[in-house]
Amino acid sequence: MSNLWDLSHIEPRTDVVLAGDTLAAMFWNAVAERGPRVWLREKDLGIWRSWTWNQVGEAVREIAGGLMSLGFAPGDTASILSNTVVEWVLADLAVLSCGGVANGIYPTDAASQVHYLSEDSRTRVLFVEDDEQLDKALEVRERLPLLAKIVVFDMEGLRELQDEGVISLAALRELGRAYNQAHPDELRHRVAAVRPQDLAILVYTSGTTGKPKGAMHTHGGLVYTTRGYNTLIARSEQDECMAFLPLCHIAERMGGEYFALYTGARLNFVENPDTVPENVREIAPTVFVAVPRVWEKFYSGVMIALKESTRLQQAAYAWAIGVGRQIAERVLAGQPVSGSLKARFRLARWLALDNVRKLIGIHRARYLVTGAAPISPELVKWYLSLGVPMLEVWGMTETCGASTGVLPSRIKPGSIGPAASYNQVRLDPVTDEIQVKGPNVFAGYLNLPEKTSETFTDDGWLRTGDVGKVDEEGFYRITDRMKDIIITAGGKNVTPSEIENELKFSPYITDAVVIGDARPYLTVIIMIDQENVEKYAQDHDVPFSNYASLTRAAEVQALIQGVIDEVNKKFARVEQIKKFFLLDTQLTAEDEELTPTMKLKRKLVQTKYAEQIEAMYRG
């Protein structure tokens, strides 16, 4: 059980826990060292299936053999178009073991994007998850002359397919077994030939401004950073982790797959994105990494469940979370926690807080990690009050993930922590832009030397585009994106992310975009939380026929206005929201307004809803 006042059990480690100076070497060293132990788990037809290191090694060896039999050469690129499944990891490690370059494509990408990313990366082999993803690949195949083969993970519904350019993963493994038998030393030679400076993976930025750019990461940089992660917060083979974020995103690739590979932590794959809440309760991870949207959903789920509970249960929760809050405040202030307060907290856990933790699935969690977007400090304090430390990390694709991180021994809500030990961080003296330097920083953008040059300062520091501040203890705080700072018509500089985070703390709001640049006052575009607002409407007899009518209901408009009114109290008059507009379209990751990590694209939203924005300023 996590004790909020004793965080020694998550102290960082600086020793090397697994040898190898390339990802390929590190993986095969892990197989040799941990052979019969379980590494991966997946749920198949309602039953959890375990993969030992030996079983993963066997599958990777066969896939790699299959690739080599197809003529896949060192330096060739293979792309993976799939949700986060075990086969994603198997294909990735096989490509790297062959000396190839692995590139991920978001499963929500359209066929046109699959074409662009495959063409730009010079993809020779394309792994796809199922018939849905295969359709996209087949639609653009004729325009990809370098594409030699498409490999399908799941052949359900494709049994009758006869296409020389398409092969199942099972058939590729069969080819691999035969190839490896005929060439028993080839894979070992390939792994040994990979050098730290060789290109290992491409991670395409989400492309909120123009076409996606392929960030290049070398084996050496990835191994260096993976080891560095353990100096932020240590993991071990006893840890249970979850894989559910997109593996083509740097967060899951590094913080999930490669960090688990290095530390031996068990990696559990959720069934699909919709079953995350259910799977969290089943897995009960000891370490849980997620984006703010997930933490917000859990919090709002608890708040909704609380409203449906009895008055006695509500009173018990109110007292218990109050006790938790007292401890959290003392820990945050660096003050000792008295024996009597510890005793009250044990009672608070027994009475209510343990049930809340079990409802979410974090009752075994040693710590929670949040990143990829800003999070409300109040939300961090709420999880702390439950007795589970939440640590915020900050980084980007180009820094190979986490570049700063809040320390278990010194938590500051609202801060992204000091610079990680494996890189340097500074503020530009003129613009306050956060800049990073270190071996973890990427090798540049594929095929874009001018863009790469623009991304670095003259003295070699990476321009992150984030504006920040640093305190006397070296803790950084993001104040905004350089391009997102609002300057009102009255000349007032406003940081929209602070206001947006406060709004998203409400269980009824999923995302928000504050408007006001060169305007007389601030307005906001809001995406409601469909599940929670529908529940509110049903509980209050608010009639609605679909999502659009729900957003237009007077009672729902009043509900959101009430949230805005409460948030406005926390800000100066010039920073208060005067009007709002609710998006009346139910958005998914496939819609252009959202990034693959489910964040609203500020510029696109402002352009697409320009008419509605102008309406908020008329008169």
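What the table shows:
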read-out: Among the candidates 305, 290, 315, residue that is among the small types (Gly, Ala, Ser), at negative phi and without any contact (Cβ under 8 Å) to a residue 12 or more places away in the chain; value: 315
read-out: Any pair with Cβ under 7 angstrom, 6 or more apart, that starts in region 602-619 at a residue that is in contact (Cβ under 8 Å) with a residue 60 or more places away in the chain and ends at one that is aliphatic (A, V, I, L, M) and surrounded by 12 or more Cβ atoms within 10 Å (Cβ to Cβ); value: 602/513; 605/513; 605/525; 606/515; 606/613; 609/525; 613/515
read-out: Where a residue in region 526-548 is closer than 17 Å to residue 302 by Cβ and its partner, wherever it lies, is open to solvent by less than 60 Å² (accessible area, probe 1.4 Å) and part of a loop (DSSP other than H, G, I, E, B), with Cβ under 7 Å and at least six apart; value: 529/507; 529/508; 532/507; 532/508; 533/508; 536/508
read-out: Residue match in region 255-266 (condition: at positive phi and either open to solvent by 20 Å² or more (accessible area, probe 1.4 Å) or in contact (Cβ under 8 Å) with a residue 12 or more places away in the chain (or both)); value: yes
read-out: Residue match in region 435-457 (condition: farther than 30 Å from residue 116 by Cβ, open to solvent by 30 Å² or more (accessible area, probe 1.4 Å) and at pLDDT below 95); value: no
read-out: Scope region 91-106; condition closer than 18 Å to residue 168 by Cα and either among the small types (Gly, Ala, Ser) or in contact (Cβ under 8 Å) with a residue 60 or more places away in the chain (or both); matching residues; value: 91, 92, 93, 94
read-out: Residue count, region 341-350 (criterion: crowded, with 19+ Cβ neighbours inside 10 Å and hydrophobic (A, V, I, L, M, F, W, C)); value: 2
read-out: Unmet criterion (only one of (1) within 13 Å of residue 511 (Cβ to Cβ); (2) modelled with pLDDT under 80; (3) touching a Ser or Thr at 6+ places or on another chain (Cβ under 6 Å)) for residue 587; value: (3)
read-out: Candidate set from region 421-470 (those that are aromatic (Phe, Trp, Tyr) and part of a loop (DSSP other than H, G, I, E, B)); member that is farthest from residue 201 (Cα to Cα); value: 461
read-out: Odd one out for residue 579, checked against (1) over 30 Å from residue 132 (Cβ atoms); (2) part of a helix (DSSP H, G or I); (3) touching a residue at least 40 places away in the same chain (Cβ under 8 Å); value: (2)
read-out: Extreme residue, farthest from residue 260 (Cα to Cα), among residues of region 38-72 that are basic (Lys, Arg) and under 24 Å from the mean Cα position of the chain (by Cα); value: 43
read-out: Filter result for the condition that a residue is in contact with a Cys (Cβ under 6 Å, 6 or more places away or on another chain) and buried (at least 24 other Cβ atoms within 10 Å of the Cβ), over 64, 91, 102; value: 64
read-out: Residue 200 vs. criteria in contact (Cβ under 8 Å) with a residue 40 or more places away in the chain, touching a Leu at 6+ places or on another chain (Cβ under 6 Å) and in a helix (DSSP H, G or I); value: no
read-out: Test for residue 126: is it surrounded by 24 or more Cβ atoms within 10 Å (Cβ to Cβ) and aliphatic (A, V, I, L, M); value: yes
read-out: Output for region 351-403, where each listed residue is hydroxyl-bearing (Ser, Thr, Tyr), outside any strand (DSSP E or B) and open to solvent by less than 10 Å² (accessible area, probe 1.4 Å); value: 376, 383, 385, 399
read-out: Hits in region 85-115 - residues which are modelled with pLDDT under 95 and either hydroxyl-bearing (Ser, Thr, Tyr) or farther than 20 Å from residue 447 by Cβ (or both); value: 106, 107, 108, 110, 111, 112
read-out: Region 291-340, residues that are in a loop (DSSP other than H, G, I, E, B) and crowded, with 16+ Cβ neighbours inside 10 Å; value: 291, 337
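For every residue, the table says whether it meets (1) surrounded by fewer than 23 Cβ atoms within 10 Å (Cβ to Cβ); (2) at pLDDT 95 or above; (3) among the small types (Gly, Ala, Ser); (4) touching an Asp or Glu at 6+ places or on another chain (Cβ under 9 Å).
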| residue | (1), (2), (3), (4) |
| --- | --- |
| 197 | yes, yes, no, no |
| 200 | no, yes, yes, no |
| 208 | yes, no, no, no |
| 216 | yes, yes, no, no |
| 220 | yes, yes, yes, yes |
| 225 | no, yes, no, no |
| 231 | yes, no, no, no |
| 236 | yes, no, yes, no |
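The values are calculated or read from the model by the stated rules, or taken from the named source; none is laboratory data. All values derive from a computational prediction rather than experimental measurement. Heads up, the Cβs are rebuilt from the backbone with ideal geometry, glycines too, and the neighbour counts pull from every protein chain shown. Keep in mind that these areas ignore ligands, DNA and RNA; they rest on the heavy atoms of the full protein, side chains included. Shrake-Rupley method; radii C 1.70, N 1.55, O 1.52, S 1.80 Å.
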